[in-house]
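Trainee: First the structure, which I've put down as C-alpha cells, then a few questions once you've had a look.
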Amino acid sequence: MIQAGRADAVRQIDPAIAMAWREGYLTYKEAPLSLVVSDLNRYFPNRIVLQDSDTGLRRFSGAIKVDNADAVVTRLTQLLPLAVDRSGDGVITLRLKTQKD
C-alpha cells in the first residue's frame, strides 16, 4: 500500500494460508474474536454474537473449518475459554467462561 509517498514493507504470505478459504477454512493469526465472528456471520443464517467487548478482544490463532455453525461454535469453545448461550430465535451468543460454567 502506498500512502503519502511511502510504501509499506512487502511481507511474505504463505499461499496455503491465504487460499485456505477455498478448502472451507478460515485462518487467523492473533486475530480478535470480533473479526473471527464477523467473518463467520457471512457463512451462516443464524447470527453469532459476542456478549461484550472483552469477549471480542480475545485473540485467536488457528484454522477453523467452516461447515456448520454448531460445529464451528463447538470448536471455538474447545480452543478458547468461551461459553455459549442460544436463544429461541437461533442467535448464538459467545461469552468468556466464568467459574460458574
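The values are calculated or read from the model by the stated rules, or taken from the named source; none is laboratory data. The structure displayed is predicted, hence computed values, not measured ones. All Cβ positions, even for glycine, are placed from backbone atoms using ideal geometry, and neighbour counts span all protein chains on display. These accessible areas exclude ligands, DNA and RNA; they are computed on the full protein's heavy atoms, side chains included. Shrake-Rupley method; radii C 1.70, N 1.55, O 1.52, S 1.80 Å.
Trainee: Go through segment 42-60 and count every residue that is closer than 22 Å to T27 by Cβ and either among the basic types (K, R) or at pLDDT 95 or above (or both).
Mentor: Within segment 42-60, the subset closer than 22 Å to T27 by Cβ is 42-44, 48, 50, 55-60.
In the following step, the residues that additionally are either among the basic types (K, R) or at pLDDT 95 or above (or both) were identified as 42, 48, 50, 55-60.
Result for segment 42-60: 9.
Trainee: Taking only segment 58-89 into account, find how many residues are open to solvent by 30 Å² or more (accessible area, probe 1.4 Å), touching a helix residue (DSSP H, G or I) at 6+ places or on another chain (Cβ under 8 Å) and in a strand (DSSP E or B).
Mentor: As a first pass, look at segment 58-89 and keep what is open to solvent by 30 Å² or more (accessible area, probe 1.4 Å): 58-59, 61, 63, 65, 67-68, 70, 74-75, 77-79, 81, 84-89.
Still in the running and touching a helix residue (DSSP H, G or I) at 6+ places or on another chain (Cβ under 8 Å): 58-59, 63, 65, 84.
Filter once more, so that each one left must be in a strand (DSSP E or B): 59, 63, 65, 84.
Residues meeting the conditions: 4.
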